[in-house]
Amino acid sequence: MVTLGCARNEVDSEELAGRLSADGWQLVDADQDADVVVVNTCGFVESAKQDSVDTVLSAADTGAKVVAVGCMAERYGAELAEHLPEANAVLGFDHYPTLGARLDDVVAGRAVESHQPVDRRTLLPITPVQRPRAAEQVSLPGHGWVGGARPVRRRLDDSPLAPLKLASGCDRRCSFCAIPSFRGAFVSRPADELLGEAAWLAEQGVRELFLVSENSTSYGKDLGDVRALERLLPRLAAVPGIDRVRVSYLQPAETRPGLVRAIATTPGVVPYFDLSFQHSSEAVLRRMRRFGSTESFLALVEQIRGLAPKAGIRSNVIVGFPGETEEDLAELERFLTEARLDAVGVFGYSDEDGTEAAGFDGKLDADVVAERVSRISALVDEVTSQRAEERVGEEVEVLVGQAESDEEDCLGWAAHQAPEVDGECVVVGGSGLVIGDLVRARVVETAGVDLVVKPLEVLPRDRT
């Protein structure tokens, strides 16, 4: 099982692994001979799609059968199969419940009909509160939890952090984004189901839950409770064995004061805000079909830091959007300079199939987009490094995610850092630490956004 893309895909892969194990399939390590390689693809942007194609080709070179699943397979289906004959099957989300049987077909040499894409927004009612019952008839990856003695999910690594999927789909209509068309309408998972899965993850050694969805601020709107996330967070934090709960994928325009307070002040919930600003120029945001402005975003940052001065705030921005002017770019620079975020991903705009923005006028030349990416990236590197330097001398709690017995140092992440995207902590003199240790440490220096820390003590599990 090879997983590409985001943490949501990681959940989907672990659910598929659980289903396949229940059907008698044995998961093997990457360096062992496999009968079939299942590639869980990503179809978000062009570079991710190319990575998915390259991974399928590499898997085919091993001599194994190759089955493509995931977002790219769902999005393009039979078209992908036609252009990528190295894949023995291209299957969509509706194939997930019977994936084991489809792998049987592939190994036996039986033809498997390729997925035929549909706009998955049309599969569920427009009215959110009507969706939970209707969703029982629709395949929703990551929603297969049954609990008890037969959990669907099977962990694929031993990390002390695990993603927990709050919901699937998205109801927003951002002009640059194709995700709702292949992930479908927004559907929340019931709180009791999430709590059961969280308890199971804790039994597997997980200490930090990473809550994921396409839009976590919408959680509960289809359950009749728009404040459901505020109520869920303390319950998840109280699960025995769970030390930290981290929320991701927040929409700034929907991030209400009560949710800010819950994330910033609830014991066991890390004060971490993954806010999808995308830009700060009102003109660009309107063309993106989004809401906000430099001033409203700065007010949100101020609100967060008023409650939790050490909170981690990260975001992504798109530059070179159709019609973006020098004045728009200067407005984004002003926001980034004043906001002083902890981490920012900078992306150059590119057309995505089937999106409204692909038909916009005012497209910028590729060299102009590249220059603007370089310009904003340089600013981001400067301000995020400064923000990291402000943490020198502070005490942080580091969850160890990588440790080798023959290495003097180990790696982990503090409360303001999500793994792989926000930098990391290098724990110097941590040779006795093991993966899963939660360590109180002092920041002694920085390297860009990374922190160099010295351990003070290993914290016990199940702290009160």
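Label-to-label distance, R173 versus V129, with points set 7 angstrom from Cα along the beta-carbon direction: 2.3 nm.
The share of Cα pairs per 10 Å bin across the range 2-117, counted from zero up to the longest distance, runs 15, 52, 32, 1 percent. Using the rule -39500 (n - 2.57) for each DSSP H run of four or more residues, divided by the residues of the chain, the 222 nm mean residue ellipticity is -10000 deg cm²/dmol.
Inter-label distance, Q116 to N316: 3.2 nm, where each label sits 7 Å from its Cα along the C-beta direction. If you model the range 374-464 as an ellipsoid using its alpha carbon gyration tensor, with each semi-axis the square root of five times an eigenvalue, the axes come out at 25, 13, 12 Å, biggest first. Under the convention that each Lys and Arg Cβ holds +1 and each Asp and Glu Cβ holds -1, the size of the dipole of the range 1-112 around its Cα centre is about 260 debye. Amide H contacts for V37 (H built 1.01 Å from N in the peptide plane; partners 5 or more residues away or on another chain; cut-off under 5 Å): K65, V66, V67. With a Förster radius of 41 Å applied to the beta-carbon distance between S21 and E356, the computed FRET efficiency rounds to 0.50. Multiplying the residue separation of F291 and E407 by 0.36 nm and subtracting their alpha-carbon distance yields 37.0 nm.
Across the range 360-372, rounded Karplus estimates of 3J(HN,Hα) from the backbone phi angles (6.51 cos²θ - 1.76 cosθ + 1.60, θ = phi - 60°) give 6, 8, x, 5, 8, 4, 4, 5, 5, 4, 4, 5, 5 Hz, Gly and Pro being marked x. Ordering H143, V317, T122 by Cα displacement along the dipole of the range 122-390 toward the positive end leaves H143 in first place; charges were set at the Cβ atoms of Lys, Arg (+1) and Asp, Glu (-1). Potential lengthening of the chain between A108 and T325 amounts to 72.4 nm, from the contour at 0.36 nm per residue minus the alpha-carbon distance.
Given the range 394-459, what percent of its DSSP beta bridges are antiparallel, to the nearest 5?
Here the antiparallel bridges make up roughly 85 percent for the range 394-459.
Cα-based radius of gyration for the range 281-391, normalised by 2.2 N^0.38 Å, reads 1.12. Per q in 0.11, 0.13, 0.15 1/Å, what log10 I(q)/I(0) does a Debye calculation on the alpha-carbon atoms of the range 122-390 return? Each listed q corresponds, in turn, to -0.68, -0.93, -1.18.
Taking the Cβ-Cβ separation of L156 and T337 as r and a Förster radius of 25 Å, what is the calculated FRET efficiency to the nearest 0.05?
FRET efficiency, L156 to T337: 0.05.
Summary of packing: across the peptides 2-8, 420-426, the per-residue average of other C-beta atoms within 10 Å ranks them, highest first, as 2-8, 420-426. Pairs of alpha carbons in the range 166-236 separated by more than 13 Å make up 66% of all such pairs.
Bridge orientation summary for the chain: considering DSSP beta bridges with both residues in this region, about 40 percent are antiparallel. Diffusion coefficient (Stokes-Einstein, Kirkwood radius over C-alpha pairs, 4 °C, 1.567 mPa s) for the range 315-451: 76 µm²/s, rounded to a whole number. The packing ranking, built from the mean of other Cβ atoms within 10 Å per residue, places the peptides 394-403, 126-135 in the order 394-403, 126-135, highest first.
Here the Karplus relation 6.51 cos²θ - 1.76 cosθ + 1.60, evaluated at θ = phi - 60°, turns the backbone of the range 191-206 into coupling constants of 4, 4, 5, 5, 5, x, 5, 4, 5, 5, 4, 4, 5, 8, x, 6 Hz, with x for every Gly and Pro.
Among D192, D171, D342, D361, the order by Cβ neighbours within 10 angstrom, fewest to most, reads D361, D192, D171, D342.
If you wrap the Cα atoms of the chain in a convex hull and average its projected area over all directions, you get 21.9 nm².
Laboratory data are not the source of any read-out in this text; all were calculated from the coordinates shown. What you see is a predicted model, and the numbers here were worked out from it, not measured in a lab. Ideal geometry is used to build each Cβ from the backbone, glycine not excepted, and the neighbour counts take in all protein chains shown.
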